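The values are calculated or read from the model by the stated rules, or taken from the named source; none is laboratory data. None of the values given here were measured: they were computed from a predicted structure. For neighbour counting, all protein chains shown are included, and Cβ atoms are generated from backbone atoms with ideal geometry for every residue, glycine included.
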Amino acid sequence: MLFQVFVNAMIVGSIYALVAVGFVLTYTTTKFLNFGHGATVALSAYLFLVSFDYVGYFGAFIVACLSAVLFNFVVYQFLYKRLMGKKASKVILLLVSFGVLIAVESIIQIVFSASPRRLNVPIVEGLNLFGAKITGIQIFIVIITILILIAVWIVMKKTKVGLGLRAIADNPDLAEVYGLNSKKIIVASFMIAGVLGAIAGMAISLDYVITPTVGTGYMIKGFVGAVTGGLNTVYGSIFGSYVVGLFENYGAWFFNSGYKDAIAFFLLFIMLIIRPQGLFGIKKGIRG
Amino acid sequence: MDKKRLVNFFIVLVLTIVIVLLIIFSGTTETYKIGYVGAMTGPMAKYGSYEAVSLAIDEINDKGGISGKQIELIAEDGKCNAQDAVAGANKLIFQDGVKVILGGHCSPESLAIASLSEENKVIQLASITTSPKYSDFGDYIFRTSPSSAVQGEVISNAIKAQGYTKVAILFEKTDYAEPIAANLKTGVEKFGQVVYYDQYVTGTNDFKTEVSKIVESGAEIVFISPQAPDATLLIVKQLLEQGSTAKIFGNDVTGNLSVIEKDPTIFEGMIFTTPSFDSNSEMYLMFSQKYKEKYGVDVPYGFWTAESYDAVFIIANAINENGYDSDGIKTYLEALTGFKGSSGTISINALHDGIRSYSLRTVKSGKIVNYE
């Protein structure tokens, strides 16, 4: 049964990781905590769920992805960029991003109502994997997460965009001097975060029940994962997210499930006290 | 002389303005202010209590109000949490000066504001509030709902009658949901064994490991006691995915029509409590027709939405008979017996609780039917 708990932790950890990576990408380029990423996740989750009935899995994924990228682009261009241009502090940007999250949640509630919704697919008993139950959809979520995260890692390490991202994260002024267009790189980071948010939203829609506040819950857990692993490392935030999943689920198994959230935050406090930069974090710049 | 006339003119002008203002303001006080505290946004908003209360007030006002005076509804969004409910009640009592609060419309709200109402001698008539902690709270504190303590007993009797002995209980940690679970536990322990007893916090969005524990415990029955209906669907889904074959029982929240209707197959066979009431009674049908006409949707929570609606008429009757006065309304409510409303007959007992009874219902071939 302990292996079942491990499987449970991997499934939910994958979703936290997808949320965390998108969040970390925009953090590294802009240095503010963009909680509005939760809105991207929630919006994608709903659009995936609603369009699934008409256009199937792949079509719904495309719809969610395009909308999330467009949403992130618009929010950045018309809100964050202007505020950053006016030298708004990181705290102001953080508050504005919370505003984006709350506004989007409210709009979702008005449009789709507060009732919980589930993807229109039959519920099937999980396959037996060494004594643990896991459904096909859940296997898909874990595998796709790993593939996506490898892809992000490759982009960060091997492409010009990735190099630009890392350069901007490390020293934006110096990067500009070397001829990098930091504005373009920031836009790129928001758009990639949109794709990652859409995949996270899709995964949540596939395996859970969604309500308008779905983004907040996963955003907070993803954030805890990112801080645990290191806010400026992509692989650190992935690792941290799985750690959060493991702590929560083994905590619920050995103690009491009422403490699940408390355990996640306890982990956050411990990390902030003993290693504020996270398990793999560095004090400056970004790691791949 | 001219100067004197000018002064006189100004004195008259000022007096006229004062009189006109007095008339205008005394005109606006010619209403009975009734406060409302309930979830207008958030997951509990889907109970439709605000819509039901507004509907009743409009109806009374359209018929000329209470002996010629209109009712003015001042609504505060309690969001089904203590903090927002207290902020709302504070405003209603100290700023608006209401003598009556309809609310809260869920146990956490009602419990949070009860001492505030009691201290300030403001009548509080709660609906959709079944926490046993709310019983006998104070002189000015009433409810139309029954105490949920009875639900646990009804469920444990049904489990016993079916011959099962191993029961898992999973509940949301709130003033409403926990006492039902605790009562059931006491009931089951008299004839069987509670193999799993655990809580989750509001907003939990993953139950996989809780479900793994339930499967491991070998439970024959899983009883779910949520406060917000969202969790029911997810818990049931994850139980099925992990191959649980246990029979599912739930509290009255699990009987949420909108959730069951969207996914009837996965709830097949689930048994849940519901306050006994006749959804085919003339008064309920009238209420549901008006509700549908005004909001374009069906009454979302049957009995519960209906009792929020009934509470308005009870208060209107009380004001009509004993005046807009806390002690007068209190006397009326204490003596309330056999009030005929859309949620059935309402009487209030010595603990200031509504006298209602619970029965069991089940999902059979995708439809909610009485459990025999």
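Results, tabulated for the structure shown:
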{"read-out": "Residue match in segment B:195-216 (condition: within 12 Å of chain A (Cβ to nearest Cβ), closer than 23 Å to residue B:111 by Cβ and within 18 Å of the chain's Cα centre (by Cα))", "value": "yes"}
{"read-out": "Enumeration of residues in segment A:89-134 that are more than 22 Å from residue A:53 (Cβ to Cβ), polar (S, T, N, Q) and within 11 Å of chain B (Cβ to nearest Cβ)", "value": "A:106, A:128"}
{"read-out": "Single residue of B:173, B:237 found to be charged (D, E, K, R) and out of contact with any Ser or Thr (no Cβ under 8 Å at 6 or more places or on another chain)", "value": "B:237"}
{"read-out": "Matching residues, segment A:100-111, being closer than 25 Å to residue A:31 by Cβ and either in contact with a Leu (Cβ under 9 Å, 6 or more places away or on another chain) or without any contact (Cβ under 8 Å) to a residue 12 or more places away in the chain (or both)", "value": "A:100, A:102, A:104"}
{"read-out": "Selection count where residues are more than 12 Å from chain B (Cβ to nearest Cβ), out of contact with any strand residue (DSSP E or B) (no Cβ under 6 Å at 6 or more places or on another chain) and among the β-branched types (Val, Ile, Thr), scope segment A:214-258", "value": "6"}
{"read-out": "2 or more residues under 19 Å from the mean Cα position of the chain (by Cα): qualifying helices (runs of 4 or more DSSP H) within segment B:260-372", "value": "B:282-295, B:302-322"}
{"read-out": "Yes/no for residue A:19 being within 14 Å of chain B (Cβ to nearest Cβ), crowded, with 24+ Cβ neighbours inside 10 Å, within 18 Å of residue A:94 (Cβ to Cβ) and not small (Gly, Ala, Ser)", "value": "yes"}
{"read-out": "Residues satisfying the stated conditions in segment B:95-114, i.e. among the hydrophobic types (A, V, I, L, M, F, W, C) and farther than 16 Å from residue B:57 by Cα", "value": "B:106, B:111, B:112, B:113, B:114"}
{"read-out": "Pairs with Cβ under 8 Å, 6+ apart, first in segment A:70-89 and free of Cβ contacts under 8 Å to residues at least 24 places away in the same chain, second surrounded by fewer than 15 Cβ atoms within 10 Å (Cβ to Cβ)", "value": "A:83/A:92"}
{"read-out": "When residues of segment A:1-14 are limited to those that are touching an Asp or Glu at 6+ places or on another chain (Cβ under 8 Å) and closer than 13 Å to residue A:225 by Cβ, the one nearest to the other protein chains (Cβ to nearest Cβ)", "value": "A:12"}
{"read-out": "Residue among B:144, B:202 that is at negative phi and touching a helix residue (DSSP H, G or I) at 6+ places or on another chain (Cβ under 7 Å)", "value": "B:144"}
{"read-out": "Residue in segment B:244-255 that is over 18 Å from the mean Cα position of the chain (by Cα), acidic (Asp, Glu) and not in a strand (DSSP E or B) present", "value": "no"}
{"read-out": "Candidates B:230, B:175 - the one that is under 30 Å from the mean Cα position of the chain (by Cα), modelled with pLDDT under 90 and more than 10 Å from every other protein chain (Cβ to nearest Cβ)", "value": "B:175"}
{"read-out": "The one condition in (1) crowded, with 17+ Cβ neighbours inside 10 Å; (2) at pLDDT below 95; (3) farther than 28 Å from residue B:203 by Cα that residue B:147 fails to fulfil", "value": "(3)"}
{"read-out": "Any hit, segment B:127-143, residues being touching a Cys at 6+ places or on another chain (Cβ under 6 Å) and either closer than 24 Å to residue B:362 by Cα or buried (at least 18 other Cβ atoms within 10 Å of the Cβ) (or both)", "value": "yes"}
{"read-out": "Only listed residue being within 14 Å of chain B (Cβ to nearest Cβ) and closer than 22 Å to residue A:115 by Cα, chosen from A:42, A:64, A:60", "value": "A:42"}
{"read-out": "Yes/no for residue A:51 being surrounded by 15 or more Cβ atoms within 10 Å (Cβ to Cβ), assigned to a helix (DSSP H, G or I) and polar (S, T, N, Q)", "value": "yes"}
{"read-out": "Counted residues, segment B:233-250 - those being more than 7 Å from chain A (Cβ to nearest Cβ) and within 18 Å of residue A:120 (Cβ to Cβ)", "value": "2"}
